[in-house]
Amino acid sequence: MIFILVYCTAGISGGHINPAVTLGLLIARKVTLVRAVLYMVAQCLGAICGVGLVKSFQSGRYDRYGGGANSLADGYSEGTGLAAEIIGTFVLVYTVFSATDPKRNARDSHVPVLAPLPIGFAVFMVHLATIPITGTGINPARSLGAAVIFNKDKPWDDHWIFWVGPFIGAAIAAFYHQYVLRASGSKSLGSFRSSSNF
């Protein structure tokens, strides 16, 4: 589903359906602050409306499965839940940066067309790892939408994890990709060019 959503919205907004991804792109200076804020507001409103629709069409299952609201599973500490969200979001945002990197070689020019595919797989793999811990947030808007409509104490008590974790993970991924990998890649290319001049 993420693959389809990103593919369908890429030509409109760049596929922004997650405030954490938007934050990462803001840190990397790929979107302006105004645009990032507007995207995040739209993402949160869309998530609330989406959960409201699900509840109206599937009220029985909605209640049975806790409204899809994220909360920390029994037996896990807040630190573990926070770490799961940080790591999971790092994987997602790093994949977004890698899959959409415009500085790929000419031989990889087909990759931007396929960028939603690895992004979708990254979300799938993160879900496999973190569903037992937090129900997998990695998207603050989705977590907010479910918490607003379900409106029970447990999801609200744990809700901070689903904003702080993804934002930290996104920031680390943005800094790592832009200022560690890109910087070392530029230095390597520069030294190769200088050595080839001899």
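Here is a check on your reading of the model: is LEU38 among the aliphatic types (A, V, I, L, M), surrounded by fewer than 17 Cβ atoms within 10 Å (Cβ to Cβ), out of contact with any Pro (no Cβ under 7 Å at 6 or more places or on another chain) and within 25 Å of VAL164 (Cβ to Cβ)? For LEU38, the condition - among the aliphatic types (A, V, I, L, M), surrounded by fewer than 17 Cβ atoms within 10 Å (Cβ to Cβ), out of contact with any Pro (no Cβ under 7 Å at 6 or more places or on another chain) and within 25 Å of VAL164 (Cβ to Cβ) - is met.
So if I check each of LEU5, LEU23, which one is at pLDDT 95 or above, within 22 Å of GLY135 (Cβ to Cβ) and surrounded by 14 or more Cβ atoms within 10 Å (Cβ to Cβ)? Steps first, answer last, please.
Working: LEU5 fails: at pLDDT 95 or above.
Of the residues listed, the single one that is at pLDDT 95 or above, within 22 Å of GLY135 (Cβ to Cβ) and surrounded by 14 or more Cβ atoms within 10 Å (Cβ to Cβ) is LEU23.
The values are calculated or read from the model by the stated rules, or taken from the named source; none is laboratory data. No experiment lies behind these values; they were computed from the predicted model shown. Note that we place each Cβ from the backbone using ideal geometry, even for glycine, and neighbour counts take in every protein chain shown.
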